[in-house]
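The values are calculated or read from the model by the stated rules, or taken from the named source; none is laboratory data. In this text the structure is predicted, and so the values were computed from the model without any measurement. Positions of Cβ are generated from backbone atoms using ideal geometry, with glycine treated the same way; all protein chains shown enter the neighbour counts.
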Amino acid sequence: MSRYEEAKKIYEKLGVDTEKALETLKNVTVSVHCWQGDDVGGFDNKESLSGGIQTTGNYLGKATTPEELMADLDKAFSLIPGKKKLNLHACYAIAKDGEKVDRSKIGPDNFKEWLDFAKDRNMGIDFNPTFFAHPMVKDNLTLSSPDEEVRKYWIEHGKRCIEISEYFANETGIPCVMNIWIPDGYKDIPADRLGPRARFKDSLDQILSIPYDKKKVYVTLESKVFGIGLESYTVGSGEFCLSYSDYKGITPLMDNGHYHPTEVVSDKISSLLLFNEKIALHITRPVRWDSDHVVLFDDETKEIAKEIVRNDALDRVFIATDYFDASINRISAWVTGVRNVQKALLFALLQPNAKMKALQDNNELSELMVLGEELKTAPMGDIWNEYLAREGVENNYFENIKKYEKEVLVNR
Ligand code: RNT
Ligand code: ZN
């Protein structure tokens with residue numbers, strides 16, 4: 001009997017159908033963030049990263065052109081099983097006819113190569129306006145700025161991005177998730193907390209006033225508790241973003257690096273599912289702060305996956321990765337993190353969820369704990385390996401990446 005057949009039997013005894021789990025997993029789409037490939041650099045200007053987010057490290061071989069980033073994405077995609085989507089940021093716009101890219105004027109033309117790239121790989125595209133690392137970010141403010149020229153610039157950027165998102169959705173035939181996150185905030189205690197939030201609200205109202213097809217473009221709004229240099233106040237706080245999403249009927253996005261250290265996104269998912277048709281996630285790994293470390297197969301990632309799976313919400317949650325580590329091979333970082341999201345989903349799919357819920361409802365909490373612990377050491381690795389084999393990707397991806405590093409990355 002193969003290892004898979006044996007593991008399948010063990011799971012059967014636990015009340016889990018491994019075939020069903022594998023079938024479900026292969027249809028889950030994970031939106032892969034392009035910005036792991038170049039430390040959130042982008043191509044539209046030479047400004048260094050800002051907005052309270054930071055990459056650290058200087059590993060060799062960073063992609064510096066669209067061609068290099070596409071090649072690296074291809075390498076990563078070839079080693080990641082399952083369905084994928086490409087998650088782009090506006091700063092990855094490609095200049096046309098030698099013209100400089102102006103974020104308030106970008107359009108589909110600046111993303112034609114990306115569209116072709118995604119289409120050739122049968123992928124949809126998700127999109128993000130880039131409200132950071134740009135000369136028009138003044139005093140750490142964009143959509144909440146008291147300077148009307150600054151605010152208008154970024155409102156225009158938001159509008160252009162909705163148009164680009166709709167173009168992606170139309171051309172790929174797959175809805176586009178467009179996520180708005182602004183870094184705006186203050187390092188020290190502000191004199192006015194209301195004014196910036198009122199302006200942010202008005203800016204969002206203006207951006208969302210342009211007509212777009214809500215079944216093609218899902219606008220999401222991402223909150224944050226603090227950023228580096230913006231410790232005392234962020235305009236787009238949790239309360240602001242949840243309230244705004246509800247008021248406008250857009251989709252809330254939770255990034256699990258964006259909360260106080262003892263808060264967990266896994267505990268928030270059920271509440272949001274009760275009040276929203278769709279929700280969106282940025283899956284990351286915060287170490288002591290919103291450090292955006294590579295996602296591991298750790299407890300909170302598993303708990304997030306369990307909340308999606310056992311609440312039958314796989315088709316209601318937009319799952320995206322969001323991390324950036326410049327201290328290790330960037331392709332290895334991509335593959336490891338995305339695979340871990342998928343592994344966590346498999347772990348969740350291999351739980352006898354109905355039985356566990358019944359144990360809770362019958363107050364059989366000792367048995368629930370024992371079963372939960374038993375599942376942690378059940379032979380999931382054999383099911384995962386079976387999944388990789390069926391998807392035609394190698395289990396040991398590191399040799400492959402090392403070869404690419406030697407042949408391609410060192411020459412950059
Ligand atoms: C920043 C947010 C945001 C960014 C990306 C690059 O804290 O998490 O989602 O990481 O847009
Ligand atoms: Zn994020």
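Take segment 44-58 and flag every residue that is more than 15 Å from ligand 2 (Cβ to nearest atom) and surrounded by fewer than 19 Cβ atoms within 10 Å (Cβ to Cβ). Break it down into steps so the answer makes sense when it comes.
In the first step, residues of segment 44-58 are kept if they are more than 15 Å from ligand 2 (Cβ to nearest atom); the result is 44-48, 50, 56-58.
Those that are more than 15 Å from ligand 2 (Cβ to nearest atom) and surrounded by fewer than 19 Cβ atoms within 10 Å (Cβ to Cβ): 45, 46, 47, 48, 50, 56, 57, 58.
Mind checking whether some residue in segment 18-31 is within 21 Å of residue 281 (Cβ to Cβ) and within 16 Å of ligand 2 (Cβ to nearest atom)? Show your work before the answer.
Keep residues of segment 18-31 that are within 21 Å of residue 281 (Cβ to Cβ), which gives 21, 24-31.
When the remaining residues are screened for being within 16 Å of ligand 2 (Cβ to nearest atom), the result is 30-31.
Yes, because at least one residue in segment 18-31 is within 21 Å of residue 281 (Cβ to Cβ) and within 16 Å of ligand 2 (Cβ to nearest atom).
Looking at residue 63, is it of a type outside the set (S, T, N, Q), buried (at least 17 other Cβ atoms within 10 Å of the Cβ), away from ligand 2 (no atom under 16 Å from the Cβ) and in a loop (DSSP other than H, G, I, E, B)?
Working: of a type outside the set (S, T, N, Q): yes; buried (at least 17 other Cβ atoms within 10 Å of the Cβ): yes; away from ligand 2 (no atom under 16 Å from the Cβ): yes; in a loop (DSSP other than H, G, I, E, B): yes.
Spelling it out, residue 63 is indeed of a type outside the set (S, T, N, Q), buried (at least 17 other Cβ atoms within 10 Å of the Cβ), away from ligand 2 (no atom under 16 Å from the Cβ) and in a loop (DSSP other than H, G, I, E, B).
Suppose we keep only residues that are of a type in the set (D, E, K, R) and touching a residue at least 60 places away in the same chain (Cβ under 8 Å) within segment 199-224. Which one would you say is surrounded by the most Cβ atoms within 10 Å (Cβ to Cβ)? Break it down into steps so the answer makes sense when it comes.
Of segment 199-224, the ones of a type in the set (D, E, K, R) are 199, 201-202, 205, 213-216, 222, 224.
With touching a residue at least 60 places away in the same chain (Cβ under 8 Å) added as a condition, the list becomes 222, 224.
Working: 222: 21, 224: 25.
This residue is 224.
Which of the following residues is in contact with a Lys or Arg (Cβ under 8 Å, 6 or more places away or on another chain) and more than 12 Å from ligand 1 (Cβ to nearest atom): 26, 8, 20?
Numbers: 8 fails: in contact with a Lys or Arg (Cβ under 8 Å, 6 or more places away or on another chain); 20 fails: in contact with a Lys or Arg (Cβ under 8 Å, 6 or more places away or on another chain).
Only one candidate passes the filter, namely 26.
Evaluate segment 266-278: report whether one residue or more is within 14 Å of ligand 2 (Cβ to nearest atom), in contact (Cβ under 8 Å) with a residue 12 or more places away in the chain and either surrounded by 15 or more Cβ atoms within 10 Å (Cβ to Cβ) or of a type in the set (A, V, I, L, M, F, W, C) (or both). Steps first, answer last, please.
Step one: list which residues in segment 266-278 are within 14 Å of ligand 2 (Cβ to nearest atom), which gives none.
There is no residue in segment 266-278 that is within 14 Å of ligand 2 (Cβ to nearest atom), in contact (Cβ under 8 Å) with a residue 12 or more places away in the chain and either surrounded by 15 or more Cβ atoms within 10 Å (Cβ to Cβ) or of a type in the set (A, V, I, L, M, F, W, C) (or both).
Check segment 84-99 and report whether any residue there is in a loop (DSSP other than H, G, I, E, B), touching a residue at least 24 places away in the same chain (Cβ under 8 Å) and either buried (at least 22 other Cβ atoms within 10 Å of the Cβ) or out of contact with any helix residue (DSSP H, G or I) (no Cβ under 9 Å at 6 or more places or on another chain) (or both).
The initial filter retains those residues of segment 84-99 that are in a loop (DSSP other than H, G, I, E, B), namely 93-99.
Now narrow it down to the ones that are touching a residue at least 24 places away in the same chain (Cβ under 8 Å): 93-95.
If we keep only those that are either buried (at least 22 other Cβ atoms within 10 Å of the Cβ) or out of contact with any helix residue (DSSP H, G or I) (no Cβ under 9 Å at 6 or more places or on another chain) (or both) too, we end up with 93.
Yes, segment 84-99 contains at least one residue that is in a loop (DSSP other than H, G, I, E, B), touching a residue at least 24 places away in the same chain (Cβ under 8 Å) and either buried (at least 22 other Cβ atoms within 10 Å of the Cβ) or out of contact with any helix residue (DSSP H, G or I) (no Cβ under 9 Å at 6 or more places or on another chain) (or both).
Would you confirm whether any residue within segment 111-125 is of a type in the set (Asp, Glu), assigned to a helix (DSSP H, G or I), over 30 Å from residue 208 (Cα atoms) and modelled with pLDDT of 95 or more? So that I can check it myself, show each step before the final result.
First, pick out the residues of segment 111-125 that are of a type in the set (Asp, Glu): 113, 116, 120.
Right, trim to assigned to a helix (DSSP H, G or I) and you get 113, 116, 120.
Applying the additional criterion that residues be over 30 Å from residue 208 (Cα atoms) yields 120.
Cutting the leftovers down to modelled with pLDDT of 95 or more gives us 120.
Checking segment 111-125: at least one residue is of a type in the set (Asp, Glu), assigned to a helix (DSSP H, G or I), over 30 Å from residue 208 (Cα atoms) and modelled with pLDDT of 95 or more.
Output the residue which, of all residues in segment 233-260 that are part of a loop (DSSP other than H, G, I, E, B) and within 14 Å of ligand 2 (Cβ to nearest atom), is farthest from residue 290 (Cα to Cα). Walk me through how you get there before you give the answer.
Of segment 233-260, the ones part of a loop (DSSP other than H, G, I, E, B) are 235-237, 249-250, 256-260.
Retained after the next criterion (residues that are within 14 Å of ligand 2 (Cβ to nearest atom)): 236, 256-259.
Details: 236: 15, 256: 8, 257: 5, 258: 6, 259: 8 Å.
By that ranking, first place goes to 236.
Does segment 202-218 include one or more residues that are in a helix (DSSP H, G or I), among the hydroxyl-bearing types (Ser, Thr, Tyr) and away from ligand 2 (no atom under 13 Å from the Cβ)? Working first, answer last.
Initial filter on segment 202-218 (in a helix (DSSP H, G or I)): 202-207.
Subset that is among the hydroxyl-bearing types (Ser, Thr, Tyr): 203.
Those still in the list that are away from ligand 2 (no atom under 13 Å from the Cβ) too: 203.
Yes, that holds for at least one residue.
So which residues in segment 280-307 are in a strand (DSSP E or B) and either of a type in the set (A, V, I, L, M) or more than 16 Å from ligand 2 (Cβ to nearest atom) (or both), if there are any at all? Reasoning before the result, please.
Start the filter on segment 280-307 by keeping residues that are in a strand (DSSP E or B), which leaves 280-283, 285, 293.
Of everything in segment 280-307, those that are in a strand (DSSP E or B) and either of a type in the set (A, V, I, L, M) or more than 16 Å from ligand 2 (Cβ to nearest atom) (or both) turn out to be 280, 281, 283.
Conditions first: (1) among the hydrophobic types (A, V, I, L, M, F, W, C); (2) within 16 Å of ligand 1 (Cβ to nearest atom); (3) surrounded by 20 or more Cβ atoms within 10 Å (Cβ to Cβ). Residue 169 passes all but one, so which condition is the exception?
Of everything listed in (1) among the hydrophobic types (A, V, I, L, M, F, W, C); (2) within 16 Å of ligand 1 (Cβ to nearest atom); (3) surrounded by 20 or more Cβ atoms within 10 Å (Cβ to Cβ), residue 169 misses just condition (2).
Working carefully through the options 155, 164, find the one that is aliphatic (A, V, I, L, M), buried (at least 23 other Cβ atoms within 10 Å of the Cβ), outside any loop (DSSP other than H, G, I, E, B) and at pLDDT 95 or above. First the steps, then the outcome.
Numbers: 155 fails: buried (at least 23 other Cβ atoms within 10 Å of the Cβ).
Among 155, 164, only 164 is aliphatic (A, V, I, L, M), buried (at least 23 other Cβ atoms within 10 Å of the Cβ), outside any loop (DSSP other than H, G, I, E, B) and at pLDDT 95 or above.
In this structure, is residue 332 outside any helix (DSSP H, G or I), under 29 Å from residue 88 (Cβ atoms) and polar (S, T, N, Q)?
Working: outside any helix (DSSP H, G or I): no; under 29 Å from residue 88 (Cβ atoms): yes; polar (S, T, N, Q): yes.
For residue 332, the condition - outside any helix (DSSP H, G or I), under 29 Å from residue 88 (Cβ atoms) and polar (S, T, N, Q) - is not met.
Residue check: is residue 51 in contact with a strand residue (DSSP E or B) (Cβ under 8 Å, 6 or more places away or on another chain), part of a loop (DSSP other than H, G, I, E, B) and either closer than 30 Å to residue 385 by Cα or of a type in the set (Gly, Ala, Ser) (or both)? Give the derivation first.
Details: in contact with a strand residue (DSSP E or B) (Cβ under 8 Å, 6 or more places away or on another chain): yes; part of a loop (DSSP other than H, G, I, E, B): yes; either closer than 30 Å to residue 385 by Cα or of a type in the set (Gly, Ala, Ser) (or both): yes.
In short, yes.
Being out of contact with any helix residue (DSSP H, G or I) (no Cβ under 9 Å at 6 or more places or on another chain), of a type in the set (S, T, N, Q) and away from ligand 1 (no atom under 13 Å from the Cβ) narrows it down to one of 251, 262, 301, so name that one. So that I can check it myself, show each step before the final result.
Values: 251 fails: out of contact with any helix residue (DSSP H, G or I) (no Cβ under 9 Å at 6 or more places or on another chain); 301 fails: out of contact with any helix residue (DSSP H, G or I) (no Cβ under 9 Å at 6 or more places or on another chain).
One residue alone meets the criteria, 262.
Does residue 315 fit the bill of being within 16 Å of ligand 1 (Cβ to nearest atom), of a type in the set (D, E, K, R) and over 14 Å from residue 383 (Cα atoms)?
On the way: within 16 Å of ligand 1 (Cβ to nearest atom): no; of a type in the set (D, E, K, R): yes; over 14 Å from residue 383 (Cα atoms): yes.
The answer is no for residue 315.
Can you tell me how many residues within segment 175-198 are more than 16 Å from ligand 1 (Cβ to nearest atom) and either surrounded by 24 or more Cβ atoms within 10 Å (Cβ to Cβ) or within 26 Å of residue 162 (Cα to Cα) (or both)?
5
Mind checking which residues of segment 281-339 are buried (at least 21 other Cβ atoms within 10 Å of the Cβ) and of a type in the set (S, T, N, Q)?
284, 301, 321, 332, 336
Go through segment 300-323 and give me each residue that's touching a strand residue (DSSP E or B) at 6+ places or on another chain (Cβ under 7 Å) and of a type in the set (Lys, Arg).
The one that is touching a strand residue (DSSP E or B) at 6+ places or on another chain (Cβ under 7 Å) and of a type in the set (Lys, Arg): 316.
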